[in-house]
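Below is one structure, written out as structure tokens; the observations come after it.
The values are calculated or read from the model by the stated rules, or taken from the named source; none is laboratory data. Computed from a prediction, not measured in an experiment: that's the story for all the values here. Quick reminder, even Gly has a Cβ in these numbers, built from the backbone with ideal geometry, and neighbours come from all protein chains shown.
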Amino acid sequence: MNNVHIHSLRKHEILRKKQLISLLFSSGKSIKGDFLRIVYASLKPDGYIVQRVPAILFAVSKKTVSSAVRRNRVKRMMREAYRLEKSLIQSKEDYSRDGRAGEMLCIVFLYMGRKKTLPDLETFREEIRVLIGNIILS
């Protein structure tokens, strides 16, 4: 009963600390795709427990998608696409974790699409797969 599925997205994996979020945006690196942009950094959180899995945040601005229903739909699709593709980032992080004890990978997925139609789930998965592949962990 205590088995955690490989594709699950647990509550402790979501980035919620305002201090870490502001530090991530001020010192993080950015990669832009067709309709997504990610900001990522390996941070040393003071007073926080460092977890093995990356801390993730999904954001869609009101300016980009004005309807709250559509914003929530985009966030649900981004979460689902990340959940299905997160094994890529975990294997990449395990490979490069040698000298980074006490650091936590934090990633923000920002939806930047300006089209009236929303991309489907498979398009989100492909975009996230490409962006995760371009992350340089150093």
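Here's the yes/no breakdown for (1) within 15 Å of the chain's Cα centre (by Cα); (2) at pLDDT below 80; (3) on the phi > 0 side of the Ramachandran plot:
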{"position": "R71", "(1), (2), (3)": "no, no, no"}
{"position": "K75", "(1), (2), (3)": "yes, no, no"}
{"position": "M78", "(1), (2), (3)": "yes, no, no"}
{"position": "Q90", "(1), (2), (3)": "yes, yes, no"}
{"position": "R97", "(1), (2), (3)": "no, yes, no"}
{"position": "G102", "(1), (2), (3)": "no, yes, yes"}
{"position": "F109", "(1), (2), (3)": "yes, no, no"}
{"position": "R114", "(1), (2), (3)": "no, yes, no"}
Worksheet item: Looking only at segment 5-37, which residues are in contact with a helix residue (DSSP H, G or I) (Cβ under 7 Å, 6 or more places away or on another chain), surrounded by 15 or more Cβ atoms within 10 Å (Cβ to Cβ) and under 17 Å from L84 (Cα atoms)?
Response: L9, L36
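Here is a check on your reading of the model: is R16 of a type in the set (K, R), on the phi < 0 side of the Ramachandran plot and either touching a Pro at 6+ places or on another chain (Cβ under 8 Å) or modelled with pLDDT under 90 (or both)? I'd like the intermediate steps shown before the answer.
Working: of a type in the set (K, R): yes; on the phi < 0 side of the Ramachandran plot: yes; either touching a Pro at 6+ places or on another chain (Cβ under 8 Å) or modelled with pLDDT under 90 (or both): yes.
It is true that R16 is of a type in the set (K, R), on the phi < 0 side of the Ramachandran plot and either touching a Pro at 6+ places or on another chain (Cβ under 8 Å) or modelled with pLDDT under 90 (or both).
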Worksheet item: When segment 116-138 is examined, which residues are found to be over 17 Å from K75 (Cα atoms) and either part of a loop (DSSP other than H, G, I, E, B) or in contact with a Lys or Arg (Cβ under 6 Å, 6 or more places away or on another chain) (or both)?
Response: I135, I136, L137, S138
Worksheet item: Of all residues in segment 103-126, which are of a type outside the set (K, R) and more than 17 Å from P54 (Cβ to Cβ)?
Response: Y111, M112, G113, T117, L118, P119, D120, L121, E122, T123, F124, E126
Worksheet item: Which numbered condition trips up R52, out of (1) closer than 19 Å to I128 by Cβ; (2) exposed (fewer than 12 other Cβ atoms within 10 Å of the Cβ); (3) of a type in the set (K, R)?
Response: (1)
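Residue-wise test of (1) over 16 Å from the mean Cα position of the chain (by Cα); (2) modelled with pLDDT under 95.
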site	(1), (2)
R37	no, no
D46	yes, yes
V50	yes, yes
P54	no, yes
K63	yes, yes
S66	yes, yes
